[in-house]
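Data first, discussion second: the structure below is written as structure tokens.
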Amino acid sequence: MNNGTILSGTNLSKKYGDLEVVKHVTISINAGEFVCLVGKSGCGKTTLLSLLSGLERPTTGEVKLDGTDITKATEDQLALFRRENVGFIFQSFNLIPTLTAWENVALPLFPIKMSGDERHRRATELLEKMELGHRMDHLPAALSGGEKQRVAIARALVNNPKVLFADEPTGNLDSSTGDAIMEILTKLHTEKGVAILMVTHEVELAKTSQRLIRMHDGQVIA
Ligand SMILES: Nc1ncnc2c1ncn2[C@@H]1O[C@H](COP(=O)(O)OP(=O)(O)OP(=O)(O)O)[C@@H](O)[C@H]1O
Ligand SMILES: [Mg+2]
């Protein structure tokens, strides 16, 4: 496994108008590392994840993902780069309500050059791995919370990302479903060597990670 830096943010800041919610954050994550990000509600965790994953542009600073400075990329380049390298699990699932579970998972693959067969195989295999083989044709509204989250995880993994961002992936789930999701993520990390940056409120979960990063008021404090 390559143990070099896979993701780094240097002097990252984000301002919304006069409000600076991320303040000069410098952070780096090694390939295959499992890092937890903790801190009070509103301290800037989701915003920092958005900057590091290229969902949002920083006001200052730069982000390098697998050697590419994504802050210099055009919108089109960034979209393509994200599709090929980044997985993101949102706290609120963010599934598209009019698409089935299978279609939600396969969607990120459509802009990538790939045969229909390959696309079909990848999305189906992942859903089966998430024990959702019998729910592939369900719309999100007909799935339970844990099932939705597993669809969201499958979608985040369908492009074989180098880095997986997870924003409170167990936040909306009961504790046993949450445990199952954590097991999936931990397995992914140990078996596939995917680097994971996970936001969590739960100290117990954070203890299972290799490294803990604490944020306070827009800054990394430890
Ligand atoms: N688009 C926006 N415009 C203005 N302010 C924003 C915007 N997005 C976030 N904020 C503010 O930035 C701060 C940090 O928000 P962020 O979502 O990053 O916090 P968080 O640490 O993820 O909190 P939580 O644990 O509750 O999810 C908050 O005070 C929020 O109100
Ligand atoms: Mg948040």
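Structure notes:
- Check: the chain dipole with +1 on Lys, Arg Cβ and -1 on Asp, Glu Cβ, in debye: 360
- In the stretch 5-220, the alpha-carbon atoms span a convex hull of 122 Å³ per residue.
- Sequence-separation-based contact order of the chain, relative, with Cα cut under 8 Å and 6+ spacing, percent: 30
- Only protein atoms count toward the accessible area here, which uses a 1.4 Å probe; on the stretch 1-104, the carbon and sulfur part of that area reaches 50 percent.
- In straight-distance terms, cross-link reach from K72 covers every one of the lysines whose alpha-carbon lies under 21 Å from its own, apart from those fewer than eight places away in the same chain; here that gives K14, K15, K23, K64, K162.
- Cα pair distances in the stretch 140-219, grouped into 5 Å bins until the bin that holds the longest one, percent each: 3, 13, 26, 25, 18, 10, 4, 1
- At a probe radius of 1.4 angstrom, the accessible area of the chain per residue rounds to 49 square angstrom.
- Look at the dipole of the chain built from charges on Cβ: of A142, A154, L37, the Cα furthest out on the positive end belongs to L37.
- Think of the stretch 1-94 as a dipole: +1 on every Lys or Arg Cβ, -1 on every Asp or Glu Cβ, centred on the Cα centre; then among S50, S8, S92, S92 lies furthest on the positive end.
- The Cβ shell under 13 Å around I213 holds other residues with a net charge of +2, Lys and Arg each +1, Asp and Glu each -1.
- Charge tally around L99: other residues with Cβ under 11 Å, Lys/Arg +1 each, Asp/Glu -1 each, net -1.
- For the chain, the 222 nm mean residue ellipticity estimated from helices alone, with every DSSP H stretch of n ≥ 4 adding -39500 (n - 2.57) and the total spread over all residues, rounds to -10000 deg cm²/dmol.
- The residues packed around L126, meaning those with a beta-carbon under 10 Å from its beta-carbon, carry a net charge of +3 if Lys and Arg are +1 and Asp and Glu are -1.
The values are calculated or read from the model by the stated rules, or taken from the named source; none is laboratory data. Note that the coordinates shown come from a computational prediction; the quantities given were computed from them, not determined experimentally. Here the Cβ is made from the backbone with ideal geometry for all residues, glycine too, and neighbour counts use every protein chain on show. Ligands, DNA and RNA are stripped out before the accessible areas are found, and what is left, the full protein with its side chains, is counted by its heavy atoms. Shrake-Rupley method; radii C 1.70, N 1.55, O 1.52, S 1.80 Å.
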